[in-house]
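The values are calculated or read from the model by the stated rules, or taken from the named source; none is laboratory data. All of these numbers come straight from a predicted model, not from anything done at the bench. Reconstructed Cβ throughout: ideal geometry from the backbone, glycine too, with neighbour counts over all protein chains shown.
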Amino acid sequence: MRLNNYPAWISKIDWNKQYSTRTRILFHLLMWTFLSILYFNGYNRYDKQLGWLFVIKDLTSIILIFYTVSYYVLPRLLFKGKVLLALIAGLISYLLYGSLTYLLCVIINANFEQSERLHKYVMSVLDHKVIGIFTWWAVSFYFLDFLYLVTPPLALKLIKLITDQSNKRLSLERDNLNLEINFLKAQINPHFLFNTLNNIYRMVNKQDPKTGPMVLHFADLMRYTLYESNVDKILLSREVEFINDYLALERIRYGNDVSIKTNFNEDFGRMLVVPLILFPFIENAFKHGIDATIESSWIEISLEVIDNVLHFKVNNSVGNAYPTEEFGGVGVANVKKRLNIHYVNKYKLINQIQDGVYSINLQLVLN
């Protein structure tokens, strides 16, 4: 089906590319027009009648040099480290300009009547012959003029190439960053899901009547982790709902054997937070704290926002003999990496074990 009955070939046109090409061509035409006017005003001081011949000479040589250097020397030689070949190409460009200048002076001297000032210029070139291009005299006569003519267009092209390279590098860094973030999130989600499925499996085997509500909570958790968390930022209130669902599931699992206390703000407004940035600390408290404690297990969680700073605390019981280095695991290691990616210089994290209590204290600057 053709939209609006347009011919099929129209739909195959990359309009953004076409627009970009037209814009580039227009920019180049404007650049050469401006430089032509600049050249002509300069040569008018020598001869108002013959100045246009020098404009044609300069445009011919500079256009050839510009497009050769822009599309071959810079990208294929200089930017690839072939400095010697790039210098040789620059020397050839200079010889081209100098040779055309000498040839034009020969033509003008033989065929045109010149002003006094232009005649001095022409005779100075002819007196040194074509070999004058390689003499010390040419440094002030040919080379400075050559730099004056070739620098403006090549400077614009060089700035564009450097900008494009910088944009590509930034784009690559951004893509790598997104890949790393997605990888870290992928490590967190399956870790949590597998743990929850194991819990449900044990409850099914025991024919626990609380299995049904647990499955409902699990469905809500999967909806969040699989669909809602695939964004850069999410409402803090929604993240807290997810945590409450998880804690409700754990309360069903542990019953009265574990004391689970929470202290959350009632209203977080429109505060945003990176999805699943808090959950691994809570999951870690159950995995390495509650599950590893023989008796009198407990966990306390508090969360509040003061002056756009989130204060998140998790305290849980642990056995005194439990080794400190085993705390954390993959989930907490990943969330630390995500904090360094999303909240660089905007968070403070303290964790410690003391007197049978493992504590997490996270302060996070929110938008």
Got at least one residue in region 16-33 being modelled with pLDDT of 80 or more and closer than 22 Å to TYR142 by Cα?
yes
Does region 340-358 contain at least one residue that is at pLDDT below 85, assigned by TED's automatic domain parsing to the domain that holds PHE268, within 25 Å of VAL231 (Cα to Cα) and surrounded by 15 or more Cβ atoms within 10 Å (Cβ to Cβ)?
no
Listed by first then second residue, the pairs whose first member lies in region 249-270 and is touching a residue at least 24 places away in the same chain (Cβ under 8 Å), whose partner is among the basic types (Lys, Arg), with beta carbons under 7 Å and at least 6 positions apart or on separate chains, are ILE252/LYS210; ILE260/ARG251
When restricted to VAL305, VAL314, the only residue in contact with an Asp or Glu (Cβ under 8 Å, 6 or more places away or on another chain), in contact (Cβ under 8 Å) with a residue 24 or more places away in the chain and not in a loop (DSSP other than H, G, I, E, B) is VAL314
If I filter region 241-255 for residues that are farther than 27 Å from HIS342 by Cβ, out of contact with any helix residue (DSSP H, G or I) (no Cβ under 8 Å at 6 or more places or on another chain), modelled with pLDDT under 85 and surrounded by fewer than 15 Cβ atoms within 10 Å (Cβ to Cβ), do I get at least one hit?
yes
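Rundown of residues vs (1) assigned to a helix (DSSP H, G or I); (2) under 23 Å from ILE353 (Cα atoms), yes/no style:
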{"position": "ARG238", "(1), (2)": "yes, no"}
{"position": "PHE242", "(1), (2)": "yes, no"}
{"position": "ILE252", "(1), (2)": "yes, no"}
{"position": "GLU266", "(1), (2)": "no, no"}
{"position": "ILE277", "(1), (2)": "no, yes"}
{"position": "HIS288", "(1), (2)": "yes, yes"}
Take residues that are closer than 30 Å to ASP164 by Cα and modelled with pLDDT of 85 or more and tell me which of the helices (runs of 4 or more DSSP H) falling wholly in region 49-134 contain 3 or more.
51-68, 83-111
Would it be correct to say that VAL330 is modelled with pLDDT under 80 and exposed (fewer than 15 other Cβ atoms within 10 Å of the Cβ)?
yes
So is ARG174 closer than 30 Å to LEU276 by Cβ and either in the same structural domain as ILE37 (by TED's automatic domain parsing) or in a helix (DSSP H, G or I) (or both) or not?
yes
For TYR224, state whether it is free of Cβ contacts under 8 Å to residues at least 60 places away in the same chain, surrounded by 14 or more Cβ atoms within 10 Å (Cβ to Cβ), out of contact with any Lys or Arg (no Cβ under 6 Å at 6 or more places or on another chain) and within 23 Å of ILE341 (Cα to Cα).
yes
